[in-house]
Each structure stands twice: as C-alpha cells, then as structure tokens.
Amino acid sequence: MSEQVRIFDTTLRDGEQSPGATMNVAEKVRIAEQLERLRVDVIEAGFPISSEGDFEAVREIAKKVKRSEVAALARTSLTDIKRAWEAVKFAVNPRIHTFIATSDIHLKYKLRMSREKALREAVKAVRYARSLCENVEFSAEDATRSNIEFLCEVFSRVIQAGATTINVPDTVGYAIPSEFGRLIKTIRERVRGIDRVTLSVHCHNDLGLAVANSIAAIENGARQVECTINGIGERAGNASLEEIVMALKTRKDLFQFHTQVNTKQIFSTSRLVSKITGMVIQPNKAVVGANAFAHQSGIHQDGVLKEKLTYEIMTPESVGIPKSSIILGKLSGRHAFRERLKELGYQLSEEDLERAFTRFKQLADKKREIFDEDIESIVVDEILRVPKRFKLVYLNVVAGNLTVPTATVQMEVDGKLVQEAGFGDGPVDATFKTIKKITRSRSKLLQFVINAITSGTEAQGEVTVKLEEKGQTVIGQGADTDVIVASAKAYINALNKMEFKKKKLIGM
Ligand code: KIV
Ligand code: ZN
C-alpha cells in the first residue's frame with residue numbers, strides 16, 4: 001500500500017535565505033496562500049526572532065492559513081522559542097521547529113560548546129517548546145557531518161523530551177545518496193522511540209544532489225521532506241519541491257509513496273515565487289523551466305506528434321501549465337480576465353481585481369495580445385505593492401550611435417514634482433543616473449537583467465534590478481513594452497523597497 005510522504009515547504013524561511021530573495025509581509029502571505037492551495041502539509045513561515053518583519057509575517061500567515069500546519073523556526077534559547085510561539089500560536093495547526101548544530105565543526109567553531117552542553121540545550125528547548133505547543137520539530141543542524149553515536153543520542157533524548165518530528169539536515173549539501181540513505185536507515189535502527197515520531201530530512205544542493213538525497217532518504221524510512229519551490233535557498237539552494245513531488249508521482253511504479261500535493265498548482269506556485277523573489281527560473285529547470293516540455297529537434301517533434309509518451313514522461317497539464325485557447329486583448333472583459341487569473345493561480349479580491357483589470361485595459365490599448373506573463377507583471381505590480389515614495393511621471397531619452405545618451409526625468413518625490421536631466425554610457429545608464437540624482441539615493445546597483453517576457457517586437461520587457469545599501473539588498477521589477485521605461489520602473493520599484501526597508505516598517 002502506498003504511504004504518504006509529508007511535504008514541509010520552507011520557501012518562506014530557508015528559501016528567503018537565498019541571496020537577494022527577501023520578501024515583505026504581504027508577499028509572504030500571498031505565497032503562503034498559494035502553498036496552501038498547492039496542499040503542502042507544513043508551511044515554515046519564518047524565523048520570528050530574526051526580525052520584526054519575520055515575526056509579523058509568521059503571525060499573519062498563522063492567522064490566514066487553515067489547512068496546512070504553520071511552523072516557526074527557533075534556536076534552542078528560551079527567548080527564541082517564546083518568540084516563535086508568540087507568532088505561530090494563532091494557527092489552527094501550529095508547530096515550533098527548534099534546532100541546534102550537532103557536528104563537531106559547528107560546535108567547536110560556531111557555538112564554542114561541548115557535545116554535552118549541546119545535548120542539554122536540545123532537550124531543554126524541546127521540553128519548553130512542548131510546554132507551549134503539541135507539535136514540536138527538532139533539527140540537528142549539520143547532521144550529515146556529525147558523529148553518528150552522538151547524533152543518535154541527541155535524537156533519542158529529544159524524542160524522550162517530547163519532539164514529534166526529528167529532522168536530519170544535510171546543511172552543507174555534503175551527502176551522497178547511498179550514504180544519506182544509509183544514515184537514515186541507521187537512525188531508524190538506533191534511535192530510541194523513533195517509531196513514535198515522524199522522521200524528516202532537509203537537503204541542501206551544494207553538490208546538486210538535494211533531490212536525489214531526499215528520495216534516497218524516503219526509500220530508507222523518511223516520511224517528511226523539507227524543500228522549497230524552485231529549489232531556492234541558501235547558497236546552491238534546497239531540494240526542489242516540484243522535483244521531489246513529480247519524481248514520486250511519475251515513478252509510482254517504483255515507489256510506494258504519494259504526497260497530498262495538488263500537482264496542477266505547481267506551475268503557478270513556481271511562477272509566483274519567481275516573480276516575488278526576482279529569482280529567474282533557468283529555462284532547463286526540471287518540471288517548471290520554460291524548456292521543460294519544449295521539443296526542439298525534428299526527431300523528437302515527430303515522435304511527440306505521433307505519441308507523447310515517446311519523449312514526455314509527464315504531461316505539462318499535470319503540473320498546471322495553462323493551455324488556454326482564449327487570447328486576451330483589448331476587447332476582453334472582466335470575466336475572461338478573472339478566469340485567466342484563476343488559471344494562473346491568482347485569486348484576487350473584488351477590489352484588487354478591479355485595479356488589475358484597469359491596468360490590463362491600459363496595457364491592452366498599447367499591445368494587441370496580452371500574454372500570461374503580462375498579466376503576472378500587472379498583478380505583482382498592482383497588488384503586491386510597497387508604499388511609493390518615488391513615482392515616475394515623465395521620461396524622455398535621447399540615444400543613438402552619434403548622440404550622447406541623455407535622459408530627462410520627472411518624478412514625484414513625497415508628492416512633489418522634481419525634474420532633472422543627465423548623461424550616461426547608454427540610455428539605461430543615463431536614466432538611472434538621473435533617477436539617482438533626483439532621489440539622492442546611495443544604493444549601489446548590483447544586478448540588472450532584462451527579460452523579454454513575451455515574444456515579438458511588441459513584447460513586454462521585464463527588468464529586474466538588485467540594489468545594495470549598507471548591507472541591505474532589495475530586488476525591483478518593472479515591465480513595459482519599452483525596455484527603458486521598464487528599467488526606470490524597476491529601478492524606482494527597488495528604491496521604494498529600499499526606503500521602506502530603511503524605515504523598518506516591515507522586514508522585506
Ligand atoms: O540547513 C539547515 O540545517 C537548516 C535547519 C535550520 C533545519 O535550515
Ligand atoms: Zn537549510
């Protein structure tokens with residue numbers, strides 16, 4: 001009989017630790033709502049002690065999410081655990097997730113703590129967490145580089161103290177599948193009380209083996225996997241949710257396991273996370289990349305046309321890639337617009353729908369055909385808004401092979417109109433320098449990416465910029481049929497986020 005593997009999504013916590021992937025509270029809540037639609041079992045909503053913003057995000061998500069469990073991360077200090085509980089206690093199914101490193105490398109160099117002390121800390125933390133919440137997960141950070149006897153002793157003792165899930169993180173992505181599988185088997189054989197708890201794994205992707213390691217662990221007894229959408233996360237990322245779920249589903253001939261995930265929501269969840277974090281999905285990314293179901297060579301095309309099974313092991317429909325036949329344009333009404341939004345995974349309130357629809361109509365006046373990517377840009381831009389201290393009013397750029405690129409920019413700054421002109425090494429540089437002059441920003445541009453998100457010369461160009469100021473980074477995005485305007489919008493969007501972050505209104 002097929003057994004269930006629980007999916008613990010940590011996009012909002014470990015995923016957010018991807019360089020530059022910071023999200024604000026509204027963005028995190030929107031992702032959590034989508035994760036619930038995807039039917040993940042657990043949503044790790046954040047690390048409440050780490051910032052006010054994280055605390056608020058966990059609290060808001062805990063209040064909103066009804067079906068999935070909501071987890072909050074905490075180190076073993078009682079203050080951490082109390083803070084995590086304060087944030088997550090509003091959830092229908094709350095979970096406290098506490099962790100401490102168990103490897104000698106981490107104990108000696110990072111924590112400067114003996115094994116005995118770490119063991120005492122772990123037990124104390126779990127006992128305290130259990131006095132607050134019935135559902136407590138314990139993670140042994142850097143488990144794969146820990147002494148196995150010590151690791152098993154820590155797990156045995158935290159189970160005795162009341163842990164309901166024990167998690168084995170491959171924190172630095174060091175393990176090899178066969179070895180990781182053996183580790184899980186050993187833990188099952190040696191840890192006292194293991195049958196009373198859920199055995200979980202949490203794999204990082206430094207050697208590109210996070211998904212393979214997670215599957216090896218499942219084959220050896222793990223019944224919860226921790227993963228992220230699009231595999232985002234610290235350094236090379238975490239195990240990718242969509243890859244694990246689709247591997248189990250596609251190879252059910254081999255595995256006697258299933259998940260509760262509604263795979264038809266995979267594509268829209270992946271897109272939403274990419275839009276909000278600004279982390280572009282590589283075209284050849286398994287399951288959700290733009291090329292994942294594209295057949296280029298003549299032989300393959302011929303095969304697929306004759307019988308899809310020749311080159312497709314899963315269908316695009318099974319992961320929710322929309323194949324709508326309705327073309328949206330300027331004659332389309334609210335109904336068609338709302339239906340397409342639903343297909344793309346956006347369920348908006350009437351008020352948000354109205355705002356998005358107005359923007360859609362404005363764009364439809366400029367463009368004959370509106371693509372899904374256009375709609376996503378509108379939604380992300382219109383609905384997931386940050387306060388706009390800076391607004392673009394007017395932009396005129398002169399550029400060419402015999403002209404010094406010049407930009408004239410008019411902006412609203414705190415409601416006042418300001419105008420400036422400036423030169424640059426190209427039209428974008430001229431625009432950015434002039435905006436910088438107007439806003440008096442000290443932010444450094446770290447990254448600038450242009451994506452033609454729709455095809456053809458009337459395509460909607462999407463620009464992503466990353467700015468840094470005093471160690472804080474933000475992502476800004478802008479879309480427009482004119483790439484210079486899209487660049488200006490992205491730059492101003494990032495500047496607004498930076499202002500917002502500086503004021504510490506909420507963590508982003
Ligand atoms: O990678 C890791 O060890 C973690 C733990 C906090 C679970 O993210
Ligand atoms: Zn991790």
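The values are calculated or read from the model by the stated rules, or taken from the named source; none is laboratory data. Since the structure is predicted, the reported quantities are computational estimates derived from the model, not experimental observations. With ideal geometry, Cβ positions are generated from the backbone for all residues, glycine too; neighbour counts draw on all protein chains shown. Surface areas here come from the heavy atoms of the whole protein model, side chains and all, with no ligands, DNA or RNA. Shrake-Rupley method; radii C 1.70, N 1.55, O 1.52, S 1.80 Å.
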- prompt: What is the Cα coordinate range of the stretch 294-384 on the first, second and third principal axes, sorted by size from largest, in whole angstrom?
  reply: 47, 25, 21
Translational D in µm²/s for the stretch 100-226 (Stokes-Einstein at 10 °C, 1.306 mPa s, Kirkwood Rh from C-alpha pairs): 111
- request: Would you tally the net charge around V168, using a Cβ to Cβ cut-off of less than 11 Å, leaving V168 out, and scoring K and R as +1, D and E as -1?
  value: -3
- prompt: Under unit Cβ charges (Lys, Arg +1; Asp, Glu -1), what dipole magnitude, rounded to 20 debye, does the stretch 1-86 have relative to its Cα centre?
  reply: 240
message: If I fit a long axis through the Cα atoms of helix 334-343 and take the longest principal axis of the Cα atoms of the chain, what angle between them do I get, 0 to 90°, rounded to 10?
response: 30
query: Hey, which lysines would be in cross-link range of K366, C-alpha to C-alpha under 30 Å, not counting anything within fewer than 8 residues on its own chain?
result: K275, K323, K330, K342, K388, K391, K416, K433, K436, K466, K489, K497
query: Using the beta-carbon distance between V398 and I105 and R0 = 56 Å, what value does 1/(1 + (r/R0)^6) give for FRET efficiency, to the nearest 0.05?
result: 0.45
task: Find which of G208, G231, A45 sits farthest along the positive direction of the dipole of the chain, computed with +1 on the beta-carbon of Lys and Arg, -1 on that of Asp and Glu, about the Cα centre.
output: A45
query: With Cβ to Cβ distances under 15 Å as the rule, what net charge do the other residues near D302 carry (K, R +1; D, E -1)?
result: 0
message: Need one value: the accessible area of F448 in square angstrom, 1.4 angstrom probe, rounded to the nearest 10.
response: 80
Contour minus Cα-Cα distance for I299 and K63 (0.36 nm per residue): 79.7 nm
- request: Compute the accessible area per residue over the stretch 1-145, keeping the other protein chains in place, probe 1.4 Å, unit Å².
  value: 39
task: Tell me what the chain gives for mean residue ellipticity at 222 nm when only DSSP H runs of n ≥ 4 count, each as -39,500 (n - 2.57), the sum divided by the residue total, rounded to 500 deg cm²/dmol.
output: -12500 deg cm²/dmol
- prompt: What's the carbon and sulfur percent of the chain's accessible surface, probe 1.4 angstrom, rounded to a whole number?
  reply: 51
Surface/4 estimate of mean projected area, convex hull on alpha-carbon atoms of the stretch 390-507, nm²: 7.6
- request: Tell me the label-point distance for the pair E369, E469, using the 7 Å Cα-to-Cβ offset, in nm and rounded to one decimal.
  value: 4.1
- prompt: Let a ≥ b ≥ c be the square roots of the eigenvalues of the Cα gyration tensor of the stretch 1-135; is it rounded (a/c under 1.5), or, if not, prolate (a/b larger than b/c) or oblate?
  reply: prolate
- prompt: Label points 7 Å out from Cα along the Cβ direction at Q260 and N284: separation in nm?
  reply: 3.7
- line: Distance in nm between K437 and A336 label points, each 7 Å along Cα→Cβ, equals 4.5
query: Ranked highest first by the average count of other Cβ atoms within 10 Å around their residues, in what order do 29-41, 419-431 fall?
result: 29-41, 419-431
field: Mean Cβ count within 10 Å, highest first, over the residues of peptides 244-251, 127-134, 186-193, 309-316
entry: 244-251, 127-134, 186-193, 309-316
query: Taking all pairs of different Cα atoms in the chain, averaging 1/r and flipping that mean, what Kirkwood radius in angstroms comes out?
result: 24.4
statement: So the compactness index of the stretch 306-351, its C-alpha Rg divided by 2.2 N^0.38 Å, takes the value 1.57
message: Calculate the FRET efficiency for N147 and I450 from the Cβ-Cβ distance with a Förster distance of 41 Å, rounded to the nearest 0.05.
response: 0.25
- request: Could you run the Debye sum over the Cα atoms of the stretch 3-277, one equal point scatterer each and no solvent, and tell me log10 of I(q)/I(0) at q = 0.13 Å⁻¹, two decimals?
  value: -0.78
